[in-house]
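Notes to accompany the following structure.
Here, each number is a calculation from the coordinates, and none is a lab measurement. Just so you know, these numbers come straight off a predicted model, no measurement behind them. Ideal geometry is used to build each Cβ from the backbone, glycine not excepted, and the neighbour counts take in all protein chains shown.
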Amino acid sequence: MSVKQVSCRCGAVELQISADPVAQLYCHCDNCQAAHGAAYVPVVVYPAQAVTVVKGNPVPMKADPLARLRCSECNTHLFNDVVSHGLRNLNGYLFPKGEFNAQFHVHCRYAVLPVVDDLPHYKGLPAAFGGSDERVSW
Ligand SMILES: [Zn+2]
Ligand SMILES: [Zn+2]
């Protein structure tokens with residue numbers, strides 16, 4: 001993952017990235033399902049200070065427990081912050097095809113569409129992100 005700049009679909013918001021990602025994953029949690037209208041979503045995790053908004057003014061997504069920010073023009077979800085861990089989670093859809101390469105799946109206990117692949121499938125979160133490391137069987 002060498003992408004250093006991403007934007008929303010309409011180009012009103014641009015984000016600059018100054019570090020390599022901490023992790024790339026698929027999240028199956030019910031909040032992501034509701035916010036995206038999708039069974040699971042790609043997420044690229046960065047140190048919070050490594051991602052800055054260099055163009056536009058992201059606005060909060062309403063009624064979202066994770067406080068995601070979106071473009072006010074095209075409504076593309078951009079990122080949310082995990083303040084307790086100093087992380088900024090970017091929407092994996094912002095990245096060019098081929099750049100997003102998931103390393104594992106998280107919050108699989110919420111999954112509505114199990115994905116059978118060779119990656120680890122965590123019931124919640126891996127220990128490195130404050131979880132139990134427990135996995136599901138698929
Ligand atoms: Zn936009
Ligand atoms: Zn999620």
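For Val54, Val59, what's the fewest-to-most ordering of other Cβ within 10 Å of each Cβ?
On the way: Val54 11, Val59 14.
Fewest-to-most Cβ neighbours within 10 Å comes out as Val54, Val59.
For the pair Lys62/Glu134, report the inter-label distance in nm, with labels modelled 7 Å from Cα in the Cβ direction.
Here the answer is 3.6 nm between the modelled labels.
Which value, in nm² and rounded to one decimal, describes the direction-averaged projected area of the C-alpha convex hull of the stretch 56-117?
Numbers: hull surface 24.6 nm².
Result: a mean projected hull area of 6.2 nm².
Expressed as a rounded percentage, what relative contact order does the chain have, with Cα pairs under 8 Å and six or more residues apart? Show your work: numbers first, answer last.
Numbers: 300 pairs, mean separation 33.0, N = 138.
Value for the chain: 24 percent.
Where does the Debye-calculated log10 I(q)/I(0) of the stretch 5-129 sit at q = 0.10, 0.20 Å⁻¹, using only Cα point scatterers of equal weight, no solvent?
Debye output, listed in q order: -0.29, -1.22.
Based solely on its DSSP helices, what 222 nm [θ] is calculated for the chain when runs of n ≥ 4 H residues each add -39,500 (n - 2.57) and the sum is averaged over all residues, nearest 500 deg cm²/dmol? Provide the component values of the computation, followed by the final result.
Details: 1 runs with 7 residues, N = 138.
Counting only the DSSP helices, I get -1500 deg cm²/dmol.
Quick check on the exposure proxy: order Phe100, Phe79 from fewest to most C-beta atoms within 10 angstrom.
Phe100, Phe79
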